[in-house]
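Structure first, commentary second.
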Ligand code: G6P
């Protein structure tokens, strides 16, 4: 999704800006651009192709400057054409980049047209550039502070004015923005990752902050207009995190990183303890009577899986809801519910808004399961569990999902123990299973060659059905999501018992039916559902635990999973589905890490 980079330095910063965009590329975008203050006026280059094309342009035109801003755009208002690409100019004096959506842009546009401003793009962003130009009286920092009061919606912006050649001003409300602190130079970015290589010292802006960066200073005012300091933290881990190494794509690398990611995520301690979730957790966990899980996309599916664990292991009622639905519907708040937000990025606009909505309804017990320690969600919740997946570059989430599952399983066992449903023997057994998980994942990853053979066949299909039951139904959903996200094959998932209520009508010999078949209590039921598919000529592709006695025969293709893994089985069964989607996409030649129309971190509604 949209990305911002800004810099003030004494050296030519164009390569820093373009490198910053390159580091944000993985989030998904459809155009990009850079502007610098050169000889008084802003000059820019924009591209509707990739950042590499923008780089070629700036080299060819020798675009240079010591102060500048840059952007990757994911179109919301207006098509991905050059005129709509940022930086957006106002009368060759102001250059501005913007993440988010300005909801009152139509009324602002009319007001500004009345003042003689001519609009050349279809973006909502252009109103901010003209607004700032119209209000500018020699102090860009003050102008932006005044101008943002007129904006409704979500934004992070970075702006320069030709009369202040060593100043970049930024503001945030609902979209992230971070200051990178250098020596004799300073930076702005929507994600600290963009500035890896330039600095490792960051100040994370709060909602409503406006910031001015100059060569040797950073000034911040909060939403009340009061000058504030934001803690500068050293975040060293960003450097080098985005190297591809021997892999063909980041998604493949991240699938294979899962044993390491799980090892880093599961607690070192020999016991499950509330303190794993923060200092307040032991009091809060004793007070709650239910869970409300809010999330989007893949993170929502980890919530759905966790519901099975929370209700069976901890015997605690659990509701899981898509964040974009919850935030807008009338619901009945229960102050004794623990609200859990699950998010890889911790910045997803809908999940963040759902969390704030829950808080506004009086929910005070909040927990984030998140992969980014410095994210808005971790800062806004009273408790957190950090997954240690490491930076995830591929738009389609893989290692973030399995580490979320590991964290949520720890939550279920911890709550089960506190509520008297998990005894010491069971606790030790769960812990041993978690510790063995990386080794078990390695044996699943070894199935890759067999999955590649299936992927060759899937690449020629246009539709696929995924079936699972119980704990593995959300895994079937995740498998279907992975396939559609990156291979563009239409895929749907059903709880296998629902087949007869509709999807069976779709089954013909042209329909591959992927079946998640663990050796659990529902196996015999699942086998009956498989027969329903075979009777209609459907082709079954089954990931079956070794002791299920499901064997390959006409119309039934079987890949044998190494072992049955009890309650943690979903974490193993999702991996071959990730690999199937990945290799099918490779066989179809799609842009695996940056699938069309999608973004990694969806920071707009
Ligand atoms: C986007 C990504 C998905 C991700 C979802 C939620 O749609 O492409 O991979 O699952 O956002 O993101 P979050 O960061 O909140 O987990």
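Residues checked against (1) within 30 Å of residue 605 (Cβ to Cβ); (2) in a loop (DSSP other than H, G, I, E, B); (3) out of contact with any helix residue (DSSP H, G or I) (no Cβ under 7 Å at 6 or more places or on another chain):
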site: 171; (1), (2), (3): yes, no, no
site: 183; (1), (2), (3): no, yes, yes
site: 199; (1), (2), (3): no, yes, yes
site: 202; (1), (2), (3): yes, no, no
site: 230; (1), (2), (3): yes, yes, yes
site: 233; (1), (2), (3): yes, no, yes
site: 243; (1), (2), (3): no, yes, yes
site: 246; (1), (2), (3): no, yes, yes
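Among the residues of the range 353-375, the ones that are part of a loop (DSSP other than H, G, I, E, B), touching a residue at least 60 places away in the same chain (Cβ under 8 Å) and away from the ligand (no atom under 15 Å from the Cβ) come to 2 in all.
Only residues that are surrounded by fewer than 24 Cβ atoms within 10 Å (Cβ to Cβ), modelled with pLDDT of 95 or more and more than 23 Å from residue 43 (Cβ to Cβ) were counted in the range 156-181, giving 1. Within the bounds of the range 470-489, is there any residue that is surrounded by fewer than 15 Cβ atoms within 10 Å (Cβ to Cβ) and more than 16 Å from the ligand (Cβ to nearest atom)? Scanning the range 470-489, I find no residue that is surrounded by fewer than 15 Cβ atoms within 10 Å (Cβ to Cβ) and more than 16 Å from the ligand (Cβ to nearest atom), so the answer is no. The single residue among 285, 272 that is more than 16 Å from the ligand (Cβ to nearest atom), modelled with pLDDT of 95 or more and buried (at least 20 other Cβ atoms within 10 Å of the Cβ) turns out to be 285.
Just checking, does the range 93-105 include any residue being crowded, with 16+ Cβ neighbours inside 10 Å, out of contact with any strand residue (DSSP E or B) (no Cβ under 7 Å at 6 or more places or on another chain) and within 22 Å of residue 119 (Cα to Cα)? Yes, that holds for at least one residue. The set of residues in the range 11-42 that are surrounded by fewer than 22 Cβ atoms within 10 Å (Cβ to Cβ) and either closer than 23 Å to residue 93 by Cβ or not assigned by TED's automatic domain parsing to the domain that holds residue 168 (or both) comprises 12, 38, 39, 40, 41. Applying the set (1) over 20 Å from residue 157 (Cβ atoms); (2) touching a strand residue (DSSP E or B) at 6+ places or on another chain (Cβ under 7 Å); (3) in a helix (DSSP H, G or I) to residue 64 leaves exactly one unmet item: (3). Within the range 49-61, the set of residues being in contact with a strand residue (DSSP E or B) (Cβ under 7 Å, 6 or more places away or on another chain) and surrounded by fewer than 20 Cβ atoms within 10 Å (Cβ to Cβ) comprises 53, 57, 61. Here is a check on your reading of the model: is residue 299 in a loop (DSSP other than H, G, I, E, B), closer than 24 Å to residue 577 by Cβ, touching a residue at least 40 places away in the same chain (Cβ under 8 Å) and within 16 Å of the ligand (Cβ to nearest atom)? In short, no. Tell me, yes or no, whether the range 253-267 has at least one residue that is under 28 Å from the mean Cα position of the chain (by Cα) and over 30 Å from residue 469 (Cα atoms). No, because not a single residue in the range 253-267 is under 28 Å from the mean Cα position of the chain (by Cα) and over 30 Å from residue 469 (Cα atoms). Looking only at the range 403-411, decide whether some residue is more than 13 Å from the chain's Cα centre (by Cα), modelled with pLDDT of 95 or more and within 12 Å of the ligand (Cβ to nearest atom). Yes, the range 403-411 contains at least one residue that is more than 13 Å from the chain's Cα centre (by Cα), modelled with pLDDT of 95 or more and within 12 Å of the ligand (Cβ to nearest atom).
Among the residues of the range 380-395, some residue qualifies, meaning at least one is at pLDDT 95 or above and within 12 Å of the ligand (Cβ to nearest atom). Within the range 303-352, the set of residues being within 16 Å of the ligand (Cβ to nearest atom), in a loop (DSSP other than H, G, I, E, B) and loosely packed, with under 15 Cβ neighbours inside 10 Å is empty.
The residue that is farthest from the ligand (Cβ to nearest atom), among those in the range 2-32 that are assigned to a loop (DSSP other than H, G, I, E, B) and closer than 17 Å to residue 179 by Cβ, is 9. How many residues are at pLDDT 95 or above and over 25 Å from the mean Cα position of the chain (by Cα) if we restrict to the range 77-90? Looking only at that region, the number is 3. Filtered by the rule that a residue be buried (at least 24 other Cβ atoms within 10 Å of the Cβ) and either without any contact (Cβ under 8 Å) to a residue 12 or more places away in the chain or in a loop (DSSP other than H, G, I, E, B) (or both), the range 74-92 gives 85, 86, 87.
The values are calculated or read from the model by the stated rules, or taken from the named source; none is laboratory data. Remember, it's a predicted structure, so these values are computed and weren't measured experimentally. With ideal geometry, Cβ positions are generated from the backbone for all residues, glycine too; neighbour counts draw on all protein chains shown.
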